[in-house]
Structure formats: structure tokens, C-alpha cells
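The values are calculated or read from the model by the stated rules, or taken from the named source; none is laboratory data. Note that this is a predicted model, so its numbers are computed, not measured. Cβ coordinates were reconstructed from backbone atoms using ideal geometry, including for glycine residues, and neighbour counts include every protein chain displayed. With ligands, DNA and RNA removed, areas are computed over all heavy atoms of the protein, side chains included. Shrake-Rupley method; radii C 1.70, N 1.55, O 1.52, S 1.80 Å.
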Amino acid sequence: MRTRLIAAFLAIALAILVTQDLPLASYLQSVERDRVLLALERDAWDVSASFEPLLAGHDFEAMAKVADTYSASSLARVEVVDESATVLASTKAGELGYDYSNRPEITAALGGDAVTGERNSELLGGRMLYVVVPIRSGAEITGALRLTYPVASVDAIVNDHLRSLYLAGAITLLVAITAAVLLAGAYTRRLRRI
């Protein structure tokens, strides 16, 4: 009798945890990815405004400095291309002068569209989130800014949150076990007396 009561209490606690935590974990993953993409997009527009006068003045040294400063504070990779998709500034060494015209997100930004997404990058060795925005001088598009962020970094943040969620679930389960044992013992003692 006591074992059945404990099992029933635990089954209820486990059902509550599963119905609450599994959807929460899935939601957390999508929210964190969306949060990073939104922050990158906001930053891309802000940073692109800094590049506009530098691009017009061909101040490559200042462009590199702005790119490095942003990259150091955000851990995002930064590339600036001119209207022909040639890299003018990059936080990755050896990229200057590289032709990015084969990248669809760059082509779209040079056409005036802001683009966000996720794709595989052989260069980075994994999946990346990216945001590309046009750099404008008045109505004219003079280049594009691309910010990339490794998906592995987002996954690490999500996994930290999930570990906390699972730890809370384990603690809740331990409390439920303790309560189930105590309550089952109290109920069965009373029933034995009757």
C-alpha cells in the first residue's frame, strides 16, 4: 500500500515536470536564437551607420578599427563589402579583397534588403547565424555589412539555461520523493490503526 502511494505521488510529480519542462526547453531554444538574431540585426543597423562615412572616405584603417571594436564586445564576426561585394574590412585575417559576390545574403543586401538567417560555413567550420544590411549614403547603396555569430555559441547559452532548468526539475523531484515518502508513511500508519 505504501509503495503504491509513493509511486502515485511520484507519477503525478513526474507528469507535471514533463508537461511543464519539455515545452519550456523547446521554447527556450527558439527564444534564445531569436534574441541573438534580433540583437545582431539591431547592432548591424547601428554599426552600418558608423561605416557609411568611412566607406565614402575610403578610410580602411578606421573601418578595421570599428569592426574590431564591435567584434571584441559582441564576439560576432564583422565583414564590410563595397558595392561590388569586395571585402574592405573584416575581423578575420586574410579576407581583405576577397570577392563575396557568390554569397546570396551579400547580393540581397547590395540590392537593398536586410537579410537574416542561418547557414553552414566551411570557413568557420560549422553553422552560423548571420545578419546582412545595406550601407547607404543617402538613397545610394555603397556597400553591405555582415555580422555572423556561431550557432555553437548560441547552443552553449541555451544548454546553460537548460542545465539550470533540469537541475530545478531534479530538485523538485527530490522534494516530491521526500514528501511522497512522508505522506505515504503517515497515511498507511493511520490505515493500519483502523
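Could you look through the range 59-92, keep only residues that are without any contact (Cβ under 8 Å) to a residue 12 or more places away in the chain and open to solvent by less than 70 Å² (accessible area, probe 1.4 Å), and pick out the one that is farthest from Leu37 (Cα to Cα)? First the steps, then the outcome.
Filtering the range 59-92 for residues without any contact (Cβ under 8 Å) to a residue 12 or more places away in the chain gives 59, 61-62, 65, 69, 72-73.
Next cut, open to solvent by less than 70 Å² (accessible area, probe 1.4 Å) only: 59, 62.
Values: Asp59: 29, Ala62: 26 Å.
The qualifying residue farthest from Leu37 (Cα to Cα) is Asp59.
Scanning the range 104-117 for residues that are open to solvent by 30 Å² or more (accessible area, probe 1.4 Å) and under 19 Å from Ser71 (Cβ atoms) gives a single hit, Thr116. The criterion of being open to solvent by less than 60 Å² (accessible area, probe 1.4 Å) and more than 23 Å from Ser73 (Cβ to Cβ) does not hold for Thr148. Restricting attention to the range 56-93, the residues that are among the aliphatic types (A, V, I, L, M) and in contact with a helix residue (DSSP H, G or I) (Cβ under 7 Å, 6 or more places away or on another chain) total 11. Residues of the range 47-74 that are more than 24 Å from Glu140 (Cβ to Cβ) and not hydrophobic (A, V, I, L, M, F, W, C): Lys65, Asp68, Thr69, Ser71, Ser73, Ser74. Answer yes or no: is there a residue in the range 131-138 that is at negative phi and open to solvent by 50 Å² or more (accessible area, probe 1.4 Å). Yes: the range 131-138 contains one or more residues that are at negative phi and open to solvent by 50 Å² or more (accessible area, probe 1.4 Å). Taken over the range 17-38, the residue count meeting the criterion of being among the hydrophobic types (A, V, I, L, M, F, W, C) and either in contact with a strand residue (DSSP E or B) (Cβ under 6 Å, 6 or more places away or on another chain) or touching a residue at least 40 places away in the same chain (Cβ under 8 Å) (or both) is 6.
In the range 130-147, the condition of being touching a strand residue (DSSP E or B) at 6+ places or on another chain (Cβ under 6 Å), outside any helix (DSSP H, G or I) and farther than 15 Å from Trp45 by Cα is met by no residue. The set of residues in the range 1-53 that are open to solvent by 50 Å² or more (accessible area, probe 1.4 Å), in contact with a Ser or Thr (Cβ under 6 Å, 6 or more places away or on another chain) and among the hydrophobic types (A, V, I, L, M, F, W, C) contains only Met1.
Looking at the range 157-164, can you tell me whether even one residue there is more than 39 Å from the chain's Cα centre (by Cα), exposed (fewer than 15 other Cβ atoms within 10 Å of the Cβ) and not polar (S, T, N, Q)? Looking through the range 157-164, none of the residues is more than 39 Å from the chain's Cα centre (by Cα), exposed (fewer than 15 other Cβ atoms within 10 Å of the Cβ) and not polar (S, T, N, Q).
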